[in-house]
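Notes for the one structure printed next.
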Amino acid sequence: MLLSVLLQATAAAAGISKLGAALGAGLAVIGAGLGIGKIGGSAMEAIARQPEASGDIRMNMIIAAALIEGVALLAVVVCLLVFFL
């Protein structure tokens, strides 16, 4: 009896979990886009203020953007796994 109730609750929650996974993937992509945009804008402003340090600033910007993109990709993969499994 309890098992059948749990199975019915799980089946009913499948639609909600798919909606949550889709929202999670969307939020991860939006957050990553905003973060990389902010890093790029700040780096361009820093290069405009100190052109002699452009190499160091550019290198740090690329590393930070790669880390943000990696976290966003991981979040999207997790959300897709929830969505399809």
message: Quick check on ILE16: is it in a helix (DSSP H, G or I) and either among the acidic types (Asp, Glu) or modelled with pLDDT of 95 or more (or both)?
response: no
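Conditions (1) open to solvent by less than 50 Å² (accessible area, probe 1.4 Å); (2) at pLDDT 90 or above, marked per residue:
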residue: LEU23; (1), (2): no, no
residue: GLY31; (1), (2): yes, yes
residue: GLY35; (1), (2): yes, yes
residue: LYS38; (1), (2): no, yes
residue: MET44; (1), (2): no, yes
residue: MET61; (1), (2): yes, yes
residue: GLU69; (1), (2): no, yes
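Filter segment 49-85 for residues that are part of a helix (DSSP H, G or I) and not hydrophobic (A, V, I, L, M, F, W, C) and give the result. Can you show your working first?
At the first step, the residues of segment 49-85 found to be part of a helix (DSSP H, G or I) are 49, 51-84.
Listed by number, the residues that qualify are ARG49, PRO51, GLU52, SER54, GLY55, ASP56, ARG58, ASN60, GLU69, GLY70.
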- line: Residue set VAL76, VAL82; condition surrounded by 14 or more Cβ atoms within 10 Å (Cβ to Cβ), touching a residue at least 60 places away in the same chain (Cβ under 8 Å) and out of contact with any Leu (no Cβ under 8 Å at 6 or more places or on another chain); output residue VAL82
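The values are calculated or read from the model by the stated rules, or taken from the named source; none is laboratory data. No experiment lies behind these values; they were computed from the predicted model shown. Positions of Cβ are backbone-derived with ideal geometry, glycine not excepted, and every protein chain shown enters the neighbour counts. Ligands, DNA and RNA are excluded from the accessible area calculation, which covers all protein heavy atoms including side chains. Shrake-Rupley method; radii C 1.70, N 1.55, O 1.52, S 1.80 Å.
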